[in-house]
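Student: First, the structure itself, so that you have it in front of you.
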Amino acid sequence: MSNRVAVVGVGQTKYAAKRQDVSIAGLLREAATRALDDAGMTWADIDAVVIGKAPDMFEGVMMPELYLADALGAVGKPMLRVHTAGSVGGSTGVMATHLVSSGAHKRVLVVCFEKQSESNATWALSIRLPFTGGSVTGAGGFFAPVIRAYMRRANAPDDIGIKVAVKDRLNALNNPYAHLKLPDISEEMVRESPMLWDPIRYLETCPSSDGACAIVLADEDSAKGTPNPPAWIHGTAVRSEPTMGAGRDVVNPHAGRDCAKDVYAQAGITDPRRDIDCAEIYVPFSWYEPMWMENLGFAAEGEGWKMVDDGSTSFTGDMPINPSGGVLSSNPIGASGMCRFAEAALQVRGMAGDHQVDGARTALGHAYGGGAQFFAMWIVGSEPR
Amino acid sequence: MRNFKRPVAIVASASFETPSEPSRNEVELLLPVIHDALGQVGLTQQDIGFTVSGSSDYLQGFPFAFVGALDAVGAWPPIRESHLEMDGAFALAEAVAVLQHGHVDTALVYAFARPSRGDLDRTLSIQLDPYSVAPLWPDARGLAGLQAQAMRDSGRFDSVPEVPPTHVADGCTAVVLAVGDRARELTKTPVWITGIDHRIEAPALGVRDLATSVSTRLAAESAGATDVDAAYLHVLYPHQELLLRDALGLNGQPVHSSAGPMMVGGLERIAAAAKAVAAGDARRAVAHATSGPCLQQNLVAVLDATAVLEGAAA
Amino acid sequence: MSADVVDEAVPPVTVIECPTRLDFSYTPGVAQSRFLRALERGEITGQRCPKCKKVYVPPRGACSMCGVATEEELVLSGKGTITTFCTTQIPSPGLVPPYVTAWIRLDGSDITSMFLIQECDPAEVRLGMRVEAVWVEEADRKADLGNISYFRPIDEPDAEYETYKDYV
Ligand SMILES: [Zn+2]
């Protein structure tokens, strides 16, 4: 029923705490022009533009697609703006895929971004509504209790988060766009970094980055003439559940499990650990890697931490997770999910450079947001399906 | 976009608007409206294949406003869902694209806003170029005034109305969509979306001819907005109706214009047009939604009592 | 001067400051207003979902799982169980680190709420610990969640893991 869709171009900016050398529009154009160059296309080849980002209050610009219309070559074309909290980079990719698979458009430019240095993101996240108390500081204050509940539930040893933090920082050294580069990273260094929200240490958290990530999606005909190998989209899925729901499981969310099942079924994946060659998943706090291993079906419930412990998720392991360095190394919030989707595409295109996983033919891109309630995923492959 | 692989119809809708909602929060505002729309066709949230909403954090005054609103839906077991930081009409366009795939047959689209909480004229200023225009705080009504004056200066209009204060209202709209036979099962009067598209223009007012609406004309051409016998236009200031009539090539058909609550008004016009077609008051209607200063972005949908035959050529 | 002439001696402008102030009024809603009025009286109230029968604190007017309005109101004891927690080591306005925020399942409710834990060494806080609300002086009470200053441990045995493990 659906038309085939391929990723034919990927473009990323250098991620950094402050990109004061460019405006918001300049930041998006840096990613978009790189994606168009990769696709061998110009602005004129694009039928529609979709942008995604987290809350407008991060930059202080309301509905920035309006201001960005000409900078992104969208004048006279359809332009959409997605906002699904932290999962937005992923769900923007999914919604843009629908625009091509439905037959509405042939070539769609998708750009996700965050330029947190333009405003004060912590302030934007901490607007205290009247009457509501307010004893949580930052996202870490929300997710640390969830991590503690996981550790108890899975009987996981204390050092698993430390191992993930070291692994992702080592991977980032092979990614030219990564924000954090810590060549002397070690378990000792992470262990001795300040405890922020016990059990989360400073080096077990993500940075806050300026950056943009763009992809060009194309239908089968348009993908034929492109200069570089395409990544074929084998499946896309989104799932949402309520934040304040009596009986929902924040540690191993139902929405994440359903989303994974849906996308695997579309891609013909029956055993994810065997059938998927590598994955880029949304890990803003290191403990989320073992938690998502279980939620995504790579490990049985309570066993996700063992994949970290035995090195399975390392760059040379049997299930490399976040070969790019992941969110722990670069976190342009609204783009972080798109980075995961784009990096998965680069892997199956054989274009991931120094962090290329040998022989990657099928890869998962994953994003989540809100109170671990919004999920977006795609599976990409080097062959059409 | 038109000539869909799978014809999509509006099978139910409900709306609520008030100048300023005094007591209910967004969940309490949305819940009865969503229930009303779903109840008209005997559906519950769990029958819905895809849910998508439109809203703006800056109208609520805090980030992630849509997250709380999701509590009105009953997203359990987890649902396929998305959100646009746009008028709900654009969310409806996305739902139409999703319904072209085989795996879902129904969609719920909703939009909500409570602009009465803040100063809408001033808030809309931060939609402008953040470096060169927004710091000057030109308000929404003032920009509309520039457009009205540009129309007078163009000499193309007999008389251009004064620009009244910006319409401020709170409210929400919910629309239920269904595909082909599923739509026919759900209601005797499905209203078919035979075309829908939207276009955007440059943000800098100085590079646009404000006395015409190019993006509306392009969207209307793509959506096939010809031969209509009624128009439902999203008009924020009265002079904009003249531009829209021109761009849509209307000549004498009844025009029903309304602003509605910001972020809701466009979806509400689509719902109103669908109600008129379902009631037999119109056979084929055009509905319109706008976003941004001076009609910067426009969406056009064509609603018809009769479905276009599947696979018909463009 | 042509646009491609860049004077290397003049540093580029990389930051302009544009202060933004927007004021909004906030409407808690019908259900939360009732909850806040109860807090003013020194009571914690919840609302029961007519469909799944689960009790929400604070009530938002709907069961988010069922998507139906909640009306039946009940008064809770103000005692509860810590289902998970975090010890924060970074400063926050009015709080001296380390301080503990816990997810507390109030007795008779089916969802956790987040509160500060005090009158207790942070190192002593544990999963399953029984706690109770500590209120501000009656004269200082307003329609605000701030009426509950914090929760403190009570002299009851810890809850069994099985009884609270699903409330995270
Ligand atoms: Zn319920």
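The values are calculated or read from the model by the stated rules, or taken from the named source; none is laboratory data. Since we're looking at a predicted model, the values are computed, not measured. With ideal geometry, Cβ positions are generated from the backbone for all residues, glycine too; neighbour counts draw on all protein chains shown.
Student: Yes or no: residue A:242 within 23 Å of residue A:164 (Cβ to Cβ) and either of a type in the set (Asp, Glu) or within 14 Å of chain C (Cβ to nearest Cβ) (or both)?
Tutor: When the stated conditions are applied, residue A:242 does not pass them.
Student: What helices (runs of 4 or more DSSP H), lying completely within region B:10-120, carry at least 3 residues that are away from chain C (no Cβ under 14 Å)?
Tutor: Here the list reads B:88-98.
Student: Report, by residue number, each residue of region C:83-97 that is closer than 22 Å to residue A:201 by Cα and without any contact (Cβ under 8 Å) to a residue 60 or more places away in the chain.
Tutor: C:85, C:86, C:87, C:88, C:89, C:90, C:91, C:92, C:93, C:95, C:96, C:97
Student: A further question follows. Just a yes or no: is a residue in region A:7-23 crowded, with 24+ Cβ neighbours inside 10 Å and assigned to a helix (DSSP H, G or I)?
Tutor: no
Student: Of these, A:89, A:40, A:9, which one is in contact (Cβ under 8 Å) with a residue 40 or more places away in the chain, within 29 Å of residue A:241 (Cα to Cα) and not charged (D, E, K, R)?
Tutor: Only one candidate passes the filter, namely A:89.
Student: Separate question: Name the residues in region B:139-161 that are basic (Lys, Arg), touching a residue at least 12 places away in the same chain (Cβ under 8 Å) and either over 17 Å from residue B:261 (Cα atoms) or not assigned by TED's automatic domain parsing to the domain that holds residue B:259 (or both), would you?
Tutor: Within region B:139-161, just B:156 meets the criteria.
Student: Answer yes if at least one residue in region A:201-210 is within 14 Å of chain C (Cβ to nearest Cβ), more than 19 Å from the chain's Cα centre (by Cα) and surrounded by fewer than 20 Cβ atoms within 10 Å (Cβ to Cβ), and no otherwise.
Tutor: yes
Student: Going through region A:258-270 one residue at a time, which ones are closer than 20 Å to residue A:362 by Cβ and not β-branched (Val, Ile, Thr)?
Tutor: Listed by number, the residues that qualify are A:259, A:260, A:261, A:262, A:264, A:265, A:266, A:267, A:268.
Student: Name the pairs whose Cβ atoms lie under 9 Å apart, with the first residue in region B:197-210 and within 8 Å of another protein chain (Cβ to nearest Cβ), the second loosely packed, with under 14 Cβ neighbours inside 10 Å and outside any loop (DSSP other than H, G, I, E, B), and 6 or more positions between them or separate chains?
Tutor: B:201/B:207
Student: Might you check whether a residue that is within 18 Å of residue B:241 (Cα to Cα) and either part of a helix (DSSP H, G or I) or among the hydroxyl-bearing types (Ser, Thr, Tyr) (or both) occurs anywhere in region B:188-207?
Tutor: Scanning region B:188-207, I find no residue that is within 18 Å of residue B:241 (Cα to Cα) and either part of a helix (DSSP H, G or I) or among the hydroxyl-bearing types (Ser, Thr, Tyr) (or both), so the answer is no.
Student: Then there is this: If residue A:318 satisfies all but one of (1) within 28 Å of residue B:83 (Cβ to Cβ); (2) without any contact (Cβ under 8 Å) to a residue 60 or more places away in the chain, what's the number of the condition it fails?
Tutor: (1)
Student: Please verify whether region C:94-115 includes one or more residues that are within 12 Å of the ligand (Cβ to nearest atom) and either out of contact with any strand residue (DSSP E or B) (no Cβ under 8 Å at 6 or more places or on another chain) or under 23 Å from residue C:27 (Cβ atoms) (or both).
Tutor: For region C:94-115, residues within 12 Å of the ligand (Cβ to nearest atom) and either out of contact with any strand residue (DSSP E or B) (no Cβ under 8 Å at 6 or more places or on another chain) or under 23 Å from residue C:27 (Cβ atoms) (or both): present.
Student: Within the set of pairs 6 or more residues apart or between chains, which connect a residue that is closer than 11 Å to residue C:109 by Cα inside region C:33-57 to a residue that is of a type in the set (Lys, Arg) and away from the ligand (no atom under 16 Å from the Cβ) with Cβ atoms less than 8 Å apart?
Tutor: C:45/C:34
Student: Now for a different question. Looking at C:109, C:113, can you tell me which residue is among the hydroxyl-bearing types (Ser, Thr, Tyr) and outside any strand (DSSP E or B)?
Tutor: Exactly one of C:109, C:113 is among the hydroxyl-bearing types (Ser, Thr, Tyr) and outside any strand (DSSP E or B), namely C:109.
Student: Additional query: Inspect all residues belonging to region B:162-183 and state whether any of them is part of a helix (DSSP H, G or I), touching an Asp or Glu at 6+ places or on another chain (Cβ under 6 Å) and not assigned by TED's automatic domain parsing to the domain that holds residue B:300.
Tutor: So far as region B:162-183 goes, yes, one or more of its residues are part of a helix (DSSP H, G or I), touching an Asp or Glu at 6+ places or on another chain (Cβ under 6 Å) and not assigned by TED's automatic domain parsing to the domain that holds residue B:300.
Student: Search region C:89-103 for residues being in a strand (DSSP E or B) and more than 7 Å from every other protein chain (Cβ to nearest Cβ), and hand back the single one that is surrounded by the fewest Cβ atoms within 10 Å (Cβ to Cβ).
Tutor: Filtering first and then ranking leaves C:95.
Student: Please enumerate the residues belonging to region A:306-320 that are more than 21 Å from the chain's Cα centre (by Cα) and buried (at least 19 other Cβ atoms within 10 Å of the Cβ).
Tutor: none
Student: Considering only residues of region A:144-182 that are assigned to a loop (DSSP other than H, G, I, E, B) and out of contact with any helix residue (DSSP H, G or I) (no Cβ under 8 Å at 6 or more places or on another chain), which is farthest from the other protein chains (Cβ to nearest Cβ)?
Tutor: By that ranking, first place goes to A:173.
Student: Filter the strands (runs of 3 or more DSSP E) completely within region C:31-88 down to those with at least 2 residues that are among the basic types (Lys, Arg) and within 16 Å of the ligand (Cβ to nearest atom).
Tutor: Filter on region C:31-88 gives an empty set.
Student: Moving to a separate point now. Would you pick out the residues in region A:249-269 that are within 14 Å of chain C (Cβ to nearest Cβ) and in contact (Cβ under 8 Å) with a residue 40 or more places away in the chain?
Tutor: Correct list: A:250, A:251, A:252, A:253, A:255.
Student: I've got another one for you. Given (1) within 16 Å of the ligand (Cβ to nearest atom); (2) part of a loop (DSSP other than H, G, I, E, B); (3) not polar (S, T, N, Q), identify the lone condition not met by residue C:10.
Tutor: (1)
Student: Being within 14 Å of residue A:217 (Cα to Cα) and within 16 Å of the chain's Cα centre (by Cα) is the filter here; which residues of region A:1-19 pass it?
Tutor: A:7, A:10, A:11
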